[in-house]
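First comes the structure, then the notes that go with it.
The values are calculated or read from the model by the stated rules, or taken from the named source; none is laboratory data. Quantities reported herein were computed from a predicted structural model and do not represent experimental measurements. Quick note on the areas: whole protein, heavy atoms, side chains included, nothing else; ligands and nucleic acids left out. Shrake-Rupley method; radii C 1.70, N 1.55, O 1.52, S 1.80 Å.
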Amino acid sequence: ILMEEFLRPLMLSPKQFAEKLGGDWNEIKIEAIIKGKENLSEKAFQEFAVFLNTTPEFWRRLQNLYNEWENSHRQNEKGCLKP
């Protein structure tokens with residue numbers, strides 16, 4: 001969602017987005033979030049909302065949905081394993 005719905009239309013790379021956010025953001029952290037390897041924090045909810053003109057709740061819900069999907073996916077993988 002971050003990459004496809006926000007960064008690409010704004011013509012921003014993860015590096016440029018990190019630079020615009022400032023602080024302790026960097027390209028590696030943004031790419032990890034895009035790839036689902038790092039969760040969004042409360043700080044990220046706030047900062048993404050301000051910069052991308054959304055609400056913190058939007059990002060919180062997306063993170064929660066992603067977490068639910070991951071948990072469901074892991075459960076399905078465990079159920080498919082054969083002894």
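A few remarks follow.
- Whole-percent carbon and sulfur share, accessible surface of the chain, 1.4 Å: 53 percent
- Note that the chain presents 73 Å² accessible area per residue, ligands and nucleic acids not counted, probe 1.4 Å.
- Potential extension, ASP24-THR54 segment - 0.36 nm per residue separation minus Cα distance: 8.7 nm
- Over the chain, dividing the summed -39,500 (n - 2.57) contributions of all DSSP H runs of at least 4 residues by the number of residues returns a 222 nm mean residue ellipticity of -20000 deg cm²/dmol.
- Distance cut-off 19 Å, percentage of C-alpha pairs in the chain lying past it: 40 percent
- Long-range HN-HN contacts of SER13 with modeled amide H, under 5 Å: none
- 0 to 90° range, to nearest 10: angle between helix 42-52 axis and the chain longest Cα axis: 50 degrees
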